[in-house]
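Okay, so here's the structure we're looking at.
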C-alpha cells in the first residue's frame, strides 16, 4: 500500500511539473499563478500546494527537471561512441536536437535566467547544473588529451565556453527560428570546436 501511495505521489508531482512547464512556456515566469498550474493539471490549488509549498518550489523543481533532461540527453548521445571526436560531435548535436524537439525548454530557461540576479536559490541551482553540463565536455576533452588527439588546452575553461556557446545558439534559434539554420550552425560549431581542440 505504501509503495502504491509513493507511486501515486510521484505521478502527481510529475503531472504538476508538466503543467507548470506548459504554463510558463505560454505565459512566462512572472505572469502565472498557482491556480493556472492547478487548472492546467486538472487539480485544485490545494492539490498543488500539497506537493509544493510555494510557487518557487514548483519553479525550482521544474528548472532541475529541464536541466536533468538536457544533461541525460547529451550524456546518452556521448556514450554511444568510443572516440573523443565522435563524443564531442554527438554532444553538440544533442543540444541542437533538444532545441528542435523541445524548443520551449530553452525559452523557459531564459525566463529562469532573468531571476538569477534576484533569486539566490535559482542562481545556485543554475550554477551547479551548468557545471555538470560543462563537465560532460571536460571529461571528453581530457580523454582526447590523454590520447594525444587534442592539444594542451584548458579543459575546464573550454568546456564552459562550449556549453555557453551551444546553449546560447539553441536559445536564440528557439526565439526566432528564421534567424539561421540551426543544423548548419551546429555543424559550424563542431568545426570550430574541433579546430580549436586539435590545433598543434
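Values in this text are rule-based calculations from the coordinates and carry no lab data. Quantities reported herein were computed from a predicted structural model and do not represent experimental measurements. FYI the Cβ positions are ideal-geometry reconstructions off the backbone, even for glycines, and counts take in every protein chain you see.
Annotation: average projected area of the stretch 1-53 is 3.5 square nanometres, based on the convex hull of Cα atoms across all directions. Calculated mean residue ellipticity at 222 nm for the chain: -26500 deg cm²/dmol, from DSSP H runs with n ≥ 4 weighted as -39500 (n - 2.57), summed, divided by the residue count and rounded to 500. One entry in (i) 16.6, 57; (ii) 19.1, 63; (iii) 17.5, 57 is Rg and Dmax of the Cα atoms in Å calculated from the shown coordinates; its label is (ii).
Taking the centroid of alpha carbons for each part, the stretch 75-89 and the stretch 113-186 are 16 Å apart.
When peptides 65-72, 77-84 are sorted by average Cβ neighbour count within 10 Å, with the highest value leading, the order is 65-72, 77-84.
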